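Derivation of every value follows stated rules applied to the coordinates shown; laboratory data play no part. Small disclaimer: the values here were computed from a predicted structure and weren't measured. Every residue, glycine as well, gets a Cβ built from its backbone with ideal geometry; the counts of neighbours run over all protein chains shown.
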Amino acid sequence: MPRQGVVMLLAVARALRPVARSVRTPVRPRSTVAEAESRFITGHPDCNVTPYIANLVGRDLHKKSAHPLGIIKDRIEAYFAGLETSYDVFDGEDPVVTTTQCFDDLNIPPEHPGRSKSDTYYLTDTELLRTHTSAHQSQHLRQGHEAFLCTGDVYRRDEIDASHFPAFHQMEGVKLFSEEEMNGQTDFSDKEAWLASPECDIVAKDLKATLEGLIKYVFDDPDLQTRWRDDYFPFTEPSFELDVFYQDEWLEVLGCGVIHADVLDRCGLASRRGWAFGLGLERLAMVLFAIPDIRLFWTDDERFHKQFKAGQVSTFKPYSKYPPVFKDIAFWCPESYVENDFNELARSIGGELIERVENIDTFTNPKTGKTSNCYRITYRSMDRSLTDVEINALQDSLRDEAASALSVELR
Ligand code: DAH
């Protein structure tokens with residue numbers, strides 16, 4: 001999005017604050033809202049954090065022991081606490097990290113799409129809301145932690161549907177191996193030799209056994225079917241993905257691998273080897289608690305919260321399914337158009353009332369070369385029935401603001 005677009009989007013989001021705010025119940029005290037906004041909305045030309053996003057930071061859902069995310073986190077930590085290795089546990093790191101922590105330390109190159117402003121929330125050119133908990137790996141390794149778990153909220157600009165929300169939670173795990181476990185090896189300077197060595201295999205095998213054990217423990221099913229697939233992450237080599245077979249479907253649950261030599265080198269640990277993994281808590285919790293929509297994790301509705309108890313995985317009973325309201329919007333796009341900017345605008349205006357934004361038609365006029373997109377917005381509250389009047393007002397704002405902030409031409 002051109003700079004001016006971002007500035008305008010922020011202005012718009014601010015102007016619309018009363019609309020967006022009324023979506024969340026109960027309302028945060030004004031002072032906290034202002035504080036959140038002043039910290040994250042810096043005025044830097046690269047800042048693309050909106051008030052809506054700023055007010056998601058610090059909710060700390062993963063620290064609430066009777067919240068499904070807290071229950072899953074506690075369960076994972078309990079599994080690791082029962083293993084021979086002792087894991088240091090972190091869950092309070094600041095979600096604001098530097099591009100060095102989030103990307104450079106992890107071998108993520110400057111041109112990687114995950115670093116772009118269309119995918120990531122930046123406070124300044126060098127500070128951002130972490131896109132993954134891997135952002136803390138190197139810092140803990142440098143501090144001398146040999147095995148640790150690290151949980152936190154992460155932020156990504158993305159599509160809008162029942163399983164995508166701009167903020168979600170991840171847990172990172174890291175374990176280094178002793179010299180003895182590596183059969184006395186400390187010189188790993190020959191990269192090819194390391195990857196082909198029996199010691200690399202020892203690390204990968206331990207990783208896989210540990211994580212299969214974890215998933216069976218979390219699903220409380222020793223016979224759970226799992227499968228491994230090779231994958232690619234810039235910060236692990238080799239890299240893997242773990243799937244589980246649950247309710248007739250293969251589900252991707254985590255990414256992991258043997259920590260890349262360059263990552264360890266940068267931490268002053270060239271003589272050490274180990275593994276790392278990262279998993280999404282919402283994904284696991286949605287499956288295990290049968291939670292149908294990711295927005296529910298953020299609700300303050302008692303009918304949600306009273307269903308959960310610390311230490312217990314239980315099946316969520318939807319208290320009601322309110323009817324959806326569908327609204328379409330179609331427009332010609334300028335060349336600079338980025339779909340995530342439209343998603344962001346929709347979230348800024350409709351907040352958690354928007355269940356889904358779906359591109360239902362896109363075409364390019366062969367004569368003018370102009371592209372048109374048509375989106376279907378699904379409005380549906382998790383907690384109450386919506387009125388025509390409020391939805392029409394939101395849709396009208398969305399149309400007006402798309403035209404002014406994103407420079408689209410409404411059709
Ligand atoms: N950070 C990755 C993500 O967000 C997940 C991940 C993959 C973490 C592999 C790891 C790892 O530590 O080794 O998609």
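With the Cα gyration tensor of the stretch 58-100 giving a ≥ b ≥ c as the square roots of its eigenvalues, does the rule (a/c under 1.5 for rounded; else a/b larger than b/c for prolate; else oblate) give rounded, prolate or oblate? Could the numbers behind the result be given before it?
Numbers: a/c = 3.42, a/b = 1.27, b/c = 2.70.
Judged from the Cα gyration tensor, the stretch 58-100 comes out oblate (a/c at least 1.5, b/c at or above a/b).
Residue by residue through the stretch 396-409, which ³J(HN,Hα) values in whole Hz follow from phi under the Karplus form 6.51 cos²θ - 1.76 cosθ + 1.60 (θ = phi - 60°), with glycine and proline marked x?
Listing the rounded values in order: 4, 4, 4, 4, 4, 6, 4, 5, 7, 7, 9, 6, 8, 10 Hz.
Which FRET efficiency, nearest 0.05, do Tyr319 and Asp223 yield, Cβ-Cβ r, R0 41 Å?
Calculated value: 0.80.
Test of understanding: express the Cα radius of gyration of the stretch 168-227 as a ratio to 2.2 N^0.38 Å, with N the residue count.
For the stretch 168-227, the normalised Cα radius of gyration is 1.44.
Have a look at Ile215, Ile291, Ile360 and tell me which one the Gaussian network model of the chain (Cα, springs below 10 Å) gives the largest fluctuation.
Its mean-square fluctuation being the largest, the pick is Ile360.
What residue among Glu180, Glu344, Glu241 shows peak mean-square fluctuation when the chain is described by a Gaussian network model with Cα springs under 10 Å?
Glu180
Once you have all Cα-Cα distances for the stretch 135-249, histogram them in 5 Å bins from zero and send the whole-percent values.
Computed distribution, short to long bins: 2, 8, 14, 18, 22, 17, 10, 6, 3, 1, 0.
Would you tally the net charge around His140, using a Cβ to Cβ cut-off of less than 10 Å, leaving His140 out, and scoring K and R as +1, D and E as -1?
Net of charged neighbours comes to -3.
Relative contact order, percent, of the chain when contacts are C-alpha pairs under 8 Å separated by at least 6 residues?
19 percent
Only Lys, Arg, Asp and Glu count, each charged at its Cβ (+1, +1, -1, -1), so figure out the dipole size of the chain about its Cα centre, rounded to 20 debye.
My answer is approximately 1800 debye.
Binning at 20 angstrom from zero up to the longest distance, how are the C-alpha pair distances of the chain distributed in percent?
All Cα pairs, binned at 20 Å, distribute as 25, 54, 20, 1 percent.
Quick check: net charge around Ser239, other residues with Cβ under 9 Å of its Cβ, Lys/Arg +1 and Asp/Glu -1?
-4
Using a/c under 1.5 as the rounded threshold, could you call the stretch 295-401 rounded, prolate or oblate? The axes a ≥ b ≥ c are square roots of the C-alpha gyration tensor eigenvalues, and prolate needs a/b larger than b/c, oblate otherwise. If you can, show how the numbers build up before the last one.
Details: a/c = 3.03, a/b = 2.29, b/c = 1.32.
Because a/c hits 1.5 or more and a/b exceeds b/c, the stretch 295-401 counts as prolate.
List residues of the stretch 245-285, by number, whose backbone nitrogen lies under 13 Å from a label position 7 Å along Cα→C-beta of Lys208.
So the set is 257-258.
Choose one of His132, Ser178, Leu56: the residue whose Cα lies farthest towards the positive end of the charge dipole of the chain (beta-carbon charges +1 Lys, Arg; -1 Asp, Glu; about the Cα centre).
Of the options given, the answer is Leu56.
For helix 198-218, report the angle its Cα long axis makes with the longest principal axis of the Cα atoms of the chain; keep it between 0 and 90° and round to the nearest 10°.
Once rounded, one gets 50 degrees.
Taking 8 Å as the Cα distance limit and 6 or more residues as the minimum spacing, I'd like the relative contact order of the stretch 252-411 as a percentage.
Over the stretch 252-411, the number comes to 22 percent.
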